[in-house]
Structures are given as structure tokens and as C-alpha cells.
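Below is one structure, written out as C-alpha cells, with a few remarks after it.
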Amino acid sequence: MALRAGNQNQAARNGLTEKVLTLDTMNPCVRRVEYAVRGPIVLRALELEQELRQGVKKPFTEVIRANIGDAQAMGQKPITFLRQVLALCVNPDLLSSPNFPEDAKKRAERILQACGGHSLGAYSTSSGIQLIREDVARYIERRDGGILAEPNNIFLSTGASDAIVVGRAWTVLKLLVAGEGRMRTGVLIPIPQYPLYSATLAELDAVQVDYYLDEERAWALDVAELQRALHQARDHCHPRALCVINPGNPTGQVQTRECIEAVIRFAFEERLFLLADEVYQDNVYAEGSQFHSFKKVLMEMGPPYAGHQELASFHSISKGYMGECGFRGGYVEVVNMDAAVRQQMLKLMSVRLCPPAPGQALLDLVVSPPVPSDPSFAQFQAERQAVLTELAAKAKLTEQVFNEAPGIHCNPVQGAMYSFPRVQLPPRAVQRAQELGLAPDMFFCLRLLEETGICVVPGSGFGQREGTYHFRMTILPPMEKLRQLLEKLSWFHTKFTQEYS
């Protein structure tokens, strides 16, 4: 004991006060994690907001955060029925109030009966409240035309981060990641991708395998490109999973049924576990586009695919027409997963206790909304339709305004909540960005933010083909504000181009 104290005193005398945990000694996987959607450009936007509050003069009066798919932060009103039932669940004393419709009260009582101690403040089972998992199964069956869904294959989750159900996607990926060196697990992800994937793979020390979407064909997914990516990856890792985002984030495309069938055949032949990010399934706008779930297509393809191809598909309450990001509710359904592995998945989830109960309650209302005989049905339908109709108009407006601007090209926003336009940047601007140690599109987006207050995310944070430059922008601002934003952004690009031409 005396010797140890003497060593500590000697270390203190020698000035050895270095911390145990430093950038050099921390987990290197965590250090490699990057998340562009909330990256340096957003930190600068926060600083600018603070400066505006302090009265610092800027060329703009507000920062418009078009960087993230947060509908209610952009002014979208919550759906009345969802919040009524949630209020009743959180404060059951309101069940005697005449200010709530009877169907909302019945729904709240039903959810509370399924909770421990009849309270939303109790833990649920790790996989989520059984009643809600059963409601999710019935929702999937209705959505997919009667194809059976098993509640035991459904796990409720701690929400979605912009597009994917983080907790459960992370859990599925954690199960898949194994091996070292050339046998490390590889996961194929689309480029452009939603940066949660690259961040999660970095954290888990898995290998990111990029496959490129075809910008010239409205961001189509091409199986020949999947084949190229897979064969190249096999030289340095063991590809075990394929991720598809449909509708696309950040690209806004909606995959055709033929494309989904081709992807399933490819995954089956190459022995890849399929991860289907389907959180934007309510957000389809373009004429001729339609959402097809991977589960439905897989089952309708019949043997050998239906009985063997492993699939995990994700959905969330953060997007769609509801936009309830802050409540963190979602689910994953696993199909054809080995029963013993499913038990291991449940064990992993148990470590995290359970998803937040308010998010589970909201999910229940999303998967089983009012029916025509309910008093709340007419208002619910009107509010839901109003949100989706306006989003469709915003998608069309975004494409139209950008494509009228010289040097900007925007593919149709067929679905989801974002546009991903390509911008031409003059060689001198590219050179200046390199002198500053910035990606050219980051340089453009920073200048845009400083001069107009518009916050968008550079395409380099999502991945893009070499020599092309993009940015991701949400279509969520109110219509008039969106129109002004699009016009101001187009004007700034012209000014920026002239400055560096």
C-alpha cells in the first residue's frame, strides 16, 4: 500500500497528470464515427442562431434548418387523435373529461390495460408491449394484402434517427458482425446513403461496402452495380448483409416491384441478409410510383425465396404523415431468422430494458388508426391527407425550382422528405475549398449558411461519385417559406458561380 502511494506521489511530482481516457486511448471505432446530418455545418448554424439572439447583424434574420427531417420543428402540426390518446395515457385523470372523444378514451384504456400496473410509467417487456406487437402484426397483414405476420417476429424499438430504427438496426447488425482481417463482416449500403449506416458500421468495426445508385436514371438501383461492389469487396472482407432504403434517403426515389424482386434474387443467390429501411413508406408522391414492402414481394415470389431469404424490415413514427420524431417509436420485423438467433437478439435487447412506453403507445395509434365508424375518423383522415397532399406539392415545387436554375439539377422527389440536387461548382471554387482543407460541397454549403442562413448538408456527408457535388435539403418547411428558400438558394448558387468563374 505504501509502495503504491509512493508511486502516485512520484507521478504527481513528475507532472504525470495525463488523463486515463484521451483521444489516443479511447475506442478507435468511436473516433471513426461521423454523422453529417448533425455535423460541423449544423454546429455553425447553432452558433449563428446564438449570434442573432445577441443582436449581431447578419444578412438574414433567421437560420432555416433544412438539414434534418424533423417535421414538427418545421411547423407541421401534430395529428389530433394521436396526441389526444397519448395525453389520456400519460394522465388517466383526463379520462373523465368531456373534452376528449369517446373513441380516444377507449383506445387509451385499451393501451393502459396492457401496461404493467396500468401505467405508461412502467417498464414493458424488452421486445415491447405484447398488445402493441399484435397490433403491428395486424397492420403489416393489412398493408401486405393478408400475408401473415407473426407478433413474435416483431420487436418494438427506440425510434428512428431520420430514417432507420436505430436501436434495432444496430442490434441486427451487431448479430451479423463477426470475423477479423479478410473475414470481417461487410455490409453493402447505397451511395448516396443515410450517414447512420456508415456511423453504425464504423462503431461496430464492420466493413462498409458501397454500391452506387444511378443518378442518370433517377437514382435507380442496378443489380449489376450490386454485383460489382460485392465481387470487389470479397477481396478484403466477408459481405454478409445488403441494406436498401426505400423510399430513398437522401435521394427520394421509390423502388419498382421489379427492382425489389431482382434485389431479393441477388441476396438469395449471394447468401446476404437483407435489411430493408422502409420508414418513408407513407411518403410516396410521384405519379406512377408505389410503395412495395420487401416482405410482401418476398412472400409473393414463393419458393425458394419466401421460405429461406432472411430479412429485417424497419418502420418508425418519426416520418410519414405523423412526424413524431421526439417520441422515438418504431419496430423491426424479422423474417426467416434462425429461432436460436432470434433468442440471442432478444437477449441483446434485454440489456437495454425496453423502448420508451410513450413511443410504443404512439406507434400503436399509427398502426391502428381510427376506422370509419369512429367519431375521430373524419378529422384524422382530413389531417393525414392534408399533410401528405402538401408534401407532394412541396416535392414537385422543389424539383421544378431547382431545375429552372442554371447549374443545378434535381431528380424527381418521388418519395421520402428530401431532395439531393447536383450542383456545378467552378474549378476556382474547388481549388479554394482544397486550400481551406474542405470538401468543395462543404465549402459551398458553409458559404450558403453564412450569407443566407440556409442550413443544408453537403453531399460528401452521404457519399457521391467522384467529381460530382450535391447537397441534401428537406422539403418540410411551410410552402411559402420553402418557395423563398428554393429561390434564395438558386440565387446564391448563381452568385457563387459568378464569384469563382
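The values are calculated or read from the model by the stated rules, or taken from the named source; none is laboratory data. Computed from a predicted model, the values in this text were never measured in an experiment. Here the Cβ positions follow ideal geometry from the backbone for every residue, glycine too, while neighbour counts run over all protein chains shown. Ligands, DNA and RNA are excluded from the accessible area calculation, which covers all protein heavy atoms including side chains. Shrake-Rupley method; radii C 1.70, N 1.55, O 1.52, S 1.80 Å.
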- Query: Given the conditions (1) acidic (Asp, Glu); (2) at pLDDT below 95; (3) open to solvent by 10 Å² or more (accessible area, probe 1.4 Å), which single one is not true for GLU383?
  - Reply: (2)
- Task: Give me a count of the residues in the stretch 455-482 that are open to solvent by 10 Å² or more (accessible area, probe 1.4 Å) and outside any loop (DSSP other than H, G, I, E, B).
- Result: 5
- Item | Matching option when the condition is more than 29 Å from ALA122 (Cβ to Cβ), in contact (Cβ under 8 Å) with a residue 40 or more places away in the chain and part of a helix (DSSP H, G or I), among ALA386, ALA393 | ALA393
- Item | Every residue from the stretch 181-205 that is open to solvent by 10 Å² or more (accessible area, probe 1.4 Å) and assigned to a loop (DSSP other than H, G, I, E, B) | ARG184, LEU204, ASP205
- Out of all the residues in the stretch 294-303, is one or more under 22 Å from GLN381 (Cβ atoms) and either aromatic (Phe, Trp, Tyr) or free of Cβ contacts under 8 Å to residues at least 40 places away in the same chain (or both)? no
